[in-house]
1. Through the Karplus equation 6.51 cos²θ - 1.76 cosθ + 1.60, θ set to phi - 60°, convert the phi angles of segment 577-594 into ³J(HN,Hα) values in whole Hz; use x for Gly and Pro.
2. Given a cut-off of under 8 Å on Cα pairs at least six residues apart, what relative contact order in percent is computed for segment 441-590?
3. Expressed as a fraction of 2.2 N^0.38 Å, the rule-of-thumb size for a compact globular protein of N residues, what is the C-alpha radius of gyration of segment 262-307?
4. Calculated FRET efficiency, Gln260 and Gln523, Cβ-Cβ r, R0 51 Å, to nearest 0.05?
5. Summing +1 for each Lys or Arg and -1 for each Asp or Glu, what net charge is found among the other residues whose Cβ lies under 12 Å from the Cβ of Gly400?
6. Give me the accessible area per residue for segment 549-598, probe 1.4 Å, as a whole number in Å².
7. Which residue, Phe347, Trp358, Pro317, has the largest displacement toward the positive end of the dipole of segment 314-361 when charges sit on each Cβ (Lys, Arg +1; Asp, Glu -1)?
8. From Cα pairs below 8 angstrom and at least 6 apart in sequence, can you work out the relative contact order of segment 390-475, rounded to a whole percent?
Amino acid sequence: MRLTRSHVAALLFASVPTYLLSGCSENAPNDAEETGSEDIGVPTDTVPSSSDSTSSDEGSDSTPLASDTDTGTGDGWDNPGCAAARNVVEDGLRLEVEVDLASYDAGLYSIREKITVTPQQAGVALSFYGERVKVLWASVGMAYDNHLATFCVGDFAAGDEVMVEVEYVVDEKNENALGLPFEIPMLQWGLRRYEASSGELMVGPFNEPYYAPFWIFVPQSMHRVNAVDDDSPFVESVELTVHVPTAEWTVVGPGGLGEQKDTSFHFRSDRPMPIYAFSFAASPDYEVFSVGKTESGVEVYGAMFPGSRAGADFVLPAALTTIDWMEENIGPFDFGKSMVFADVPQFGGGMEHVDVIWVGTENLTPDTQGQFLIVHEMMHHWWGNNVRFADWPHFWLAEGFDEWSTNFNVMGELMSPEQFAALQLEYRTSGAELTYPSQWLPIDAGPLRFADDDDMTVHFVTDLQLYYVYGAAFLEMVNQRLIRDFETDLNEALAAWFEHKRLQSATTEEFLAFLESFTLDIQQDYWKPLFDDWVYKTPVPTLSLSAFTYDGSSASVTVTKAKGGDQSLTGLEVVFVAGETLFGTTVELPAGTKSAVASVAMPVAPNRIAVDPQLFYVFKLIKAKDWTGPPIGFAIAPPQDEEPARSPNASPVPGPHFGMTTR
C-alpha cells in the first residue's frame with residue numbers, strides 16, 4: 001500500500017488519539033486483566049463506555065445500547081455462562097460475506113457474514129471484533145459491546161471446525177468515526193464512500209492497518225494492542241456476494257471480474273490472503289476494459305471513470321510488465337487469471353487488495369510516478385499477499401521486499417538508465433535519513449524488525465516510510481554481498497525464498513535462517529552479525545569526511561563515525577576520482593572504532609571522492625565544517641548524487657516520515 005498526505009492526515013486523526021489515550025480502559029473491552037494486554041482508548045463520543053455496554057467478562061445483566069444493537073437470537077445478547085471463555089482465533093478463517101447495497105442510495109446497507117474457523121484451543125465460545133454495527137441476527141447466542149462479539153457456540157476441541165453466522169446493518173449517517181463536522185473517507189465506519197468532485201462514486205472497504213472490523217467481524221482489534229488482538233491475520237478462502245441498487249453498477253473483487261447475475265456479483269478465492277487484502281470496489285460509474293494479457297495468460301483490466309481513461313492507458317500496462325518480470329525471475333502469479341485496477345477518487349494512493357487493486361484517481365497520471373504506483377501494488381501479489389508477514393513487527397518483509405523488487409529491478413524496464421540509477425541512489429540516501437527521528441516528530445525510528453509488543457499504530461504515524469525505503473536499501477546490502485561473496489544475487493535468493501514460503505506467513509528470523517541455509521553459512525557468522533547491526537538497530541551511522549590532504553603524490557582523508565549507530569563497517573571502499581581514473585582503497589570501522597584514514601598514491605589531485613559506491617552499507621555522509629577537499633558523494637560519476645533526483649516515492653513536503661506520495 002502507498003499513502004499520500006490525505007492518508008497521513010486521516011491516520012493521524014485515527015491513530016494518534018488511541019496512542020495518546022493508551023490506558024483509558026473505560027473505553028475499551030474490559031478483559032485486560034485476563035489477557036495482560038494494554039487497553040487503547042478511543043474518543044468517548046464515538047464508543048460507549050463500559051458502564052453503558054454489556055460487559056462480556058463480568059457477565060453483567062445490563063443490555064447494550066438500543067441505538068447500536070438489537071435483540072439477538074438463541075441465548076440472547078448477554079451470555080455470562082460462555083462469554084468469559086474468550087477464544088480469539090488468530091488465523092485461518094474461511095469467510096462467506098454477502099453485502100446488500102440495494103438500499104445504498106438511502107444510506108443503508110446490510111452484511112451477512114459466515115465465519116468458519118479451526119480454533120487452536122478447546123473452548124465454548126469464539127471472540128471476534130466488529131465496530132458499532134446493529135446486529136439483526138446470529139446463528140448462536142452472543143454478547144456484543146460495540147467492539148468485542150463473543151459467540152456462544154458450545155463445546156469444541158482444538159482442531160474442530162466451528163462456524164458462526166451473523167447479520168448486521170450499518171447506517172452510513174453514523175459512519176464518521178470521530179464525529180467530525182466534515183467527512184474523511186478513511187475515517188468512516190463500515191464501507192468507505194469515495195466521491196469525486198465531478199460526481200463519480202465508489203464504495204468499498206479499506207482494511208489496513210486495523211480497519212477490517214469496520215465492516216466485518218474479524219480476529220483483529222483496532223483498539224487493543226497486544227500479541228493476540230492486533231495481529232495481521234489471514235483468511236484461507238473467501239466468498240463474496242455484493243447486491244447493488246441498479247444494473248448500472250459494476251463490482252470488482254477477489255478473483256477480478258467475478259460472476260454477474262442481474263444486480264448481484266459473486267466472487268470466490270481459495271488462496272490464503274491477509275485480511276487487509278480482502279476487499280471490493282462498487283460503482284455506478286465504472287467503465288471496464290481489458291489492458292492486455294501476460295505471457296502466462298493473466299488478463300489485466302481497468303475499472304475506471306471516464307476522465308481517468310487516458311492516464312490509465314499509460315500506466316496500467318506496467319502491471320503486465322511486473323507480472324511477466326516476476327514470473328520469469330521469482331515465481332508464478334498465484335491469484336487466478338484476472339486482475340483489476342479500480343479507480344478510487346479522493347484516495348490519493350494505492351492498496352494491494354487481492355485481484356482488485358485500488359488506485360487513487362490523482363495517481364492515474366501519464367508519468368513514471370503513476371507507473372511506479374502500479375508496479376508497487378502489483379508487486380504485493382508476491383511480497384505481502386503471497387509471502388505474508390507473520391505479524392506487524394515483520395512488516396518490512398512485505399514493503400521492503402516490494403520496494404527492492406520494484407525500484408532495483410522492474411522500474412529499470414520503464415525508466416532510462418540515468419533515472420533508474422538516480423532512483424536507487426535516492427533509496428540509499430532517504431533510507432539512511434529515515435532511520436533518524438524526524439524533526440517534526442522526534443520519536444526514535446525503527447528498527448526494521450521492531451519489538452513484538454510495539455504498537456503498530458504508532459509506527460504507522462511516526463516512521464512508516466522506514467520499512468519501505470530503508471528495508472529496500474538493506475536488501476541491496478544483502479544483494480551486494482551475495483554477488484561479491486557467494487557468486488549469486490538477491491533475485492536468485494528471492495526465487496528460492498518465494499518457493500520456500502509461497503502462500504505462507506514469514507518472519508524476519510525465518511528469512512535470516514533461509515539466507516544462512518542458502519549460502520551454507522553453517523557457523524552463522526556471516527548473516528547474523530549483519531542482521532544484528534542493520535535490522536535490529538537504528539539509526540545507521542553518519543560518516544563525516546575531514547582532514548583532506550594532497551601533497552602532490554598522495555591523497556588522504558579521515559572517515560569518522562560522527563553520530564548515529566556504531567554498526568560495523570569493514571572493508572568500506574573509498575574511491576578518489578581523478579577524471580576518468582579511479583584510485584581506490586578501503587578503511588576498517590568495526591564496532592568500537594570511531595575513525596580511520598583512507599590514503600592512496602595518485603599523481604594528480606582528485607576532483608571527487610566517492611564513499612562505498614557499490615552500496616555495501618547504508619549510512620549518512622557529510623563533510624566536516626572546515627572541509628577543503630573536492631566534492632564528495634556515493635556515486636563515482638557526476639556530482640548529481642549530492643542533489644539527487646526525487647524518486648517516485650519521495651515525500652513531497654517536509655513532515656513526519658509517514659505516507660509517501662503513493663504507497
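The values are calculated or read from the model by the stated rules, or taken from the named source; none is laboratory data. Note that the structure is a prediction, hence the values are computed from the model and not measured. Because the Cβ atoms are built from the backbone with ideal geometry, glycine has one as well, and the counts that use them run over all protein chains shown. Heavy atoms of the whole protein, side chains included, go into the accessibility calculation; ligands, DNA and RNA do not. Shrake-Rupley method; radii C 1.70, N 1.55, O 1.52, S 1.80 Å.
1. Result, rounded to whole Hz: 9, 10, x, 8, 9, 10, 10, x, 8, 10, 10, 10, 10, x, 4, x, 9, 8.
2. Details: 146 pairs, mean separation 26.1, N = 150.
In percent, rounded to a whole number, it is 17.
3. In units of the globular-protein estimate, segment 262-307 measures up at 1.43.
4. In this case the efficiency is close to 0.30.
5. -3
6. Details: 2220 Å² over 50 residues.
I get 44 Å² per residue for this part.
7. Checking the options against the dipole of segment 314-361, the answer is Phe347.
8. On the way: 91 pairs, mean separation 42.9, N = 86.
It comes to 50 percent, rounded to a whole number.
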